[in-house]
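Everything below concerns the one structure shown next.
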Amino acid sequence: MVDRKREVDELRQELQRVDGQLLDILERRGKAARKLRELRAPDAQAHLSLQDRGQIAALVARASGEMPPEDLRVILGQVYASCIALEMPLVVAYLGPAGAGAHAAARTRFGAGAELLAADSTYKALDEVTRKRAEFAVLPLETLADGPVQSTISALTNTDLKIALALEITQDLHLLSRTGNDADVEKVYATAADHARAQRFLTTRRLPVLDVKSSLLACEFALEDHGAAALATEVFGTEKGLLVASKSVTDNGPEKMRYAVIGHRPSGRTGDDTTACVFSVQDSPGALLDILAQFAEREINLTKIQSRPAHDASADGQRGEDWAYLFFIEVMGHSTDRNVVSALEEVKKKTRFLKVLGSYPSLR
């Protein structure tokens, strides 16, 4: 028994030594990122590095298995995100409210050091980038339930901005309070959207819900009130000083969302890319089939297609005919790949309107 206790004590001391080494290494990485910032030209444009994804994958592949691979990806991803903000000053707009999915996606990619600006509409978020008040905008791109988010596609179609990166975020809500004791919770602060996502849980618990504008505000109110809790994501709740009282309280469980990082500059090729386009077809039999054949003939895999009525489908930018349809597609390959360039040139001849929304690393 004595030997076992001694071994446990020694292992705990070893963990403390390793923690100190981790801190030293993280600070060295932060120092290097700050040095890169000092060496940047004053007029250098912010760019979105795509190398970290491959670097993280390579590091995880090298791991011995002592740490779960998914945890390693999350940890390394946060380290890379934090250093992005240290390396270059970034302002990133996102579709609000604060504490919701787009905010979490922006925070995940750009770290806590970036200046994150909430916008109350998709158009306003893109306008921040167009006017160069922000380097990037983070907007919802696709949901599992409804597919591509039409408000984002429509707004992006009317700008010269490009999708530079797609992010896949798992969104979940927790009940968070000052004590982390579920029995202490007497009322809940939540946004209307979060309330709807956790309706069954809240009804079963018979907890009164007080409506707030954002989940960050819900966390602030819960922090001030011993008997209150907030519906929020864990990252924002714990950042405010709250503890998880009930985990994963959404009625349908965690949901995956894809978000687009949008900027002025297109992303470079990675060798495993996706290109998104919108187009409208001529009003003739087989017009859509003829367009899709251009990709098939060049062995380009079409991974997504969706149509919607659109008044803005005319090539000259004027109001289109009623019930004209705009098609959104994703194909495998980068817009600068030879076969994709060739296909798009032919498609442009056969459509009333064509626009490439961007090329970005494929999500697998």
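The values are calculated or read from the model by the stated rules, or taken from the named source; none is laboratory data. The structure displayed is predicted, hence computed values, not measured ones. Every residue, glycine among them, receives a Cβ derived from its backbone with ideal geometry; neighbour counts consider all protein chains shown. We work out accessible area using only protein heavy atoms, side chains counted, and drop any ligands, DNA or RNA first. Shrake-Rupley method; radii C 1.70, N 1.55, O 1.52, S 1.80 Å.
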*Filter the stretch 95-107 for residues that are outside any helix (DSSP H, G or I) and open to solvent by 10 Å² or more (accessible area, probe 1.4 Å) and give the result.*
Leu95, Gly96, Pro97, Ala98, Ala100
*Would you be able to tell me the number of residues in the stretch 169-217 that are assigned to a strand (DSSP E or B) and either open to solvent by less than 20 Å² (accessible area, probe 1.4 Å) or at pLDDT 90 or above (or both)?*
11
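Considering each of Ser342, Ser280, Ser267, Ser359 in turn, give the residue that is under 28 Å from Leu167 (Cβ atoms), out of contact with any helix residue (DSSP H, G or I) (no Cβ under 6 Å at 6 or more places or on another chain) and modelled with pLDDT of 85 or more.
Selected residue: Ser359, the only one of Ser342, Ser280, Ser267, Ser359 that is under 28 Å from Leu167 (Cβ atoms), out of contact with any helix residue (DSSP H, G or I) (no Cβ under 6 Å at 6 or more places or on another chain) and modelled with pLDDT of 85 or more.
Conditions tested, residue by residue: (1) of a type in the set (Gly, Ala, Ser); (2) at pLDDT below 90.
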| residue | (1), (2) |
| --- | --- |
| Cys219 | no, no |
| Glu234 | no, yes |
| Gly237 | yes, yes |
| Pro285 | no, yes |
| Asp290 | no, no |
_Subset of the stretch 81-94 (residues that are assigned to a helix (DSSP H, G or I) and farther than 10 Å from Phe110 by Cβ)_ = Cys83, Leu86, Glu87
_When residues of the stretch 250-293 are limited to those that are of a type in the set (A, V, I, L, M, F, W, C) and open to solvent by less than 10 Å² (accessible area, probe 1.4 Å), the one nearest to Arg131 (Cα to Cα)_ = Ile262
*Return a yes/no flag: does the stretch 32-41 have any residue that is modelled with pLDDT under 85, loosely packed, with under 10 Cβ neighbours inside 10 Å and either under 30 Å from Ala155 (Cα atoms) or not charged (D, E, K, R) (or both).*
yes
